[in-house]
Amino acid sequence: MRPKKAGVRTVSKVRAALFGAVAAAVVLSGCGAGEKLPPIPDGIPPGAGAPVPPIDLDAPGRSAGQLHGWAEEQSDALGIPAVALEAYGYAAAVLARSRPDCGIGWTTLAGIARVESKHGSHGGSRLNADGEVRPPIRGIPLDGSPGVARILDEKETATAGEPVYARAEGPFQFLPETWQRWGVDANGDGVADPDNIDDAALTAARYLCASGGVLTTPEGWQQALLTYNQSTAYMNKVRLHAAAYSVGRKA
């Protein structure tokens, strides 16, 4: 979550139910070779996309792996690695149980990860089968240079005895201070790791629901995204990718 300065512009209001219906129709009908891709819907919030099938959210180990078949079916059309889709679907399912009022869709998480790190592939990094991104993805030092916020990494600064500037971490680009407060273990290994896409996706989902409240409304979704990154341009990019995923395609 890289802080930026930008104004908030009014966006058109479109019911989430409409997008859900469009996404469901696409999933049922499919898009064969040579068929014209469905148009990307306008408005916010983006649609929920293909429904996440029921799984045992509390299964030992990497519970997200239960979504492998669901993810594999969509991976190529969406241009998202199956492992990443499993993480996004699992995070949305966990929040559907713990925060049913929030209504966050996996498409929103996928849109953020696409903009932040190309689903863990930015700069030549790779997403491994266990959800780890290697080498780790790090943002630029937030040192207050022109156009960049100045944010100290308090923990590293205390250790080094001199200023150490924060850098966003992992496929969802969390700031260290934010991760220390919100980071959660999603894959059952006992470690909350910003470089693991399972942990990062569930942490992002929790943060967004806390920030926006009800993400099935235009106001809630917009507030959540602008809390995550204070840039209207950023929000619009996320919306574009998420809306494309909602109808079974990439932007």
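The table below gives the values:
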quantity: Tabulated pairs, segment 40-62, first within 11 Å of ALA242 (Cβ to Cβ), second assigned to a loop (DSSP other than H, G, I, E, B) and of a type in the set (S, T, N, Q), C-beta under 7 angstrom, 6+ apart or interchain; calculated: PRO45/THR216
quantity: Qualifying position, being under 28 Å from SER98 (Cβ atoms) and at pLDDT below 95, among PRO53, PRO3; calculated: PRO3
quantity: Residue among GLY170, GLY161, GLY220, GLY212 that is in contact with a helix residue (DSSP H, G or I) (Cβ under 7 Å, 6 or more places away or on another chain) and open to solvent by 10 Å² or more (accessible area, probe 1.4 Å); calculated: GLY212
quantity: Total residues in segment 146-188, condition touching a residue at least 12 places away in the same chain (Cβ under 8 Å) and part of a loop (DSSP other than H, G, I, E, B); calculated: 18
quantity: Subset of segment 100-113 (residues that are open to solvent by 10 Å² or more (accessible area, probe 1.4 Å) and under 13 Å from ALA204 (Cβ atoms)); calculated: ILE104, GLY105
quantity: Those residues of segment 173-208 which are surrounded by 18 or more Cβ atoms within 10 Å (Cβ to Cβ) and at positive phi, in sequence order; calculated: GLN173
quantity: Condition check for THR232: in contact with a strand residue (DSSP E or B) (Cβ under 9 Å, 6 or more places away or on another chain), more than 12 Å from ALA113 (Cα to Cα) and either surrounded by fewer than 24 Cβ atoms within 10 Å (Cβ to Cβ) or of a type in the set (Val, Ile, Thr) (or both); calculated: no
quantity: So ALA243, is it part of a loop (DSSP other than H, G, I, E, B), surrounded by 21 or more Cβ atoms within 10 Å (Cβ to Cβ) and not charged (D, E, K, R); calculated: no
quantity: Counted residues, segment 22-50 - those being open to solvent by less than 60 Å² (accessible area, probe 1.4 Å) and either part of a helix (DSSP H, G or I) or modelled with pLDDT of 90 or more (or both); calculated: 16
quantity: Count of residues meeting criterion [open to solvent by 70 Å² or more (accessible area, probe 1.4 Å), at pLDDT 85 or above and not acidic (Asp, Glu)] in segment 126-158; calculated: 6
quantity: Every residue from segment 96-123 that is of a type in the set (A, V, I, L, M), closer than 17 Å to PHE172 by Cα and assigned to a helix (DSSP H, G or I); calculated: LEU109, ALA110, ILE112, ALA113, VAL115
quantity: Positions within segment 55-78 being over 22 Å from GLY188 (Cβ atoms), of a type outside the set (A, V, I, L, M, F, W, C) and either touching a strand residue (DSSP E or B) at 6+ places or on another chain (Cβ under 6 Å) or open to solvent by less than 40 Å² (accessible area, probe 1.4 Å) (or both), in sequence order; calculated: GLN74, SER75
quantity: Filtered residues of segment 124-138 (kept if in a loop (DSSP other than H, G, I, E, B) and touching a helix residue (DSSP H, G or I) at 6+ places or on another chain (Cβ under 9 Å)); calculated: SER125, ASN128, ALA129, ASP130, GLY131, PRO135, ILE137
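The values are calculated or read from the model by the stated rules, or taken from the named source; none is laboratory data. Just so it is clear, the model here is predicted, and its values are computed rather than measured. Glycine gets a Cβ as well: all are built from the backbone with ideal geometry, and neighbour counts include every protein chain shown. The area values use the complete protein model at the heavy-atom level, side chains included, leaving out ligands, DNA and RNA. Shrake-Rupley method; radii C 1.70, N 1.55, O 1.52, S 1.80 Å.
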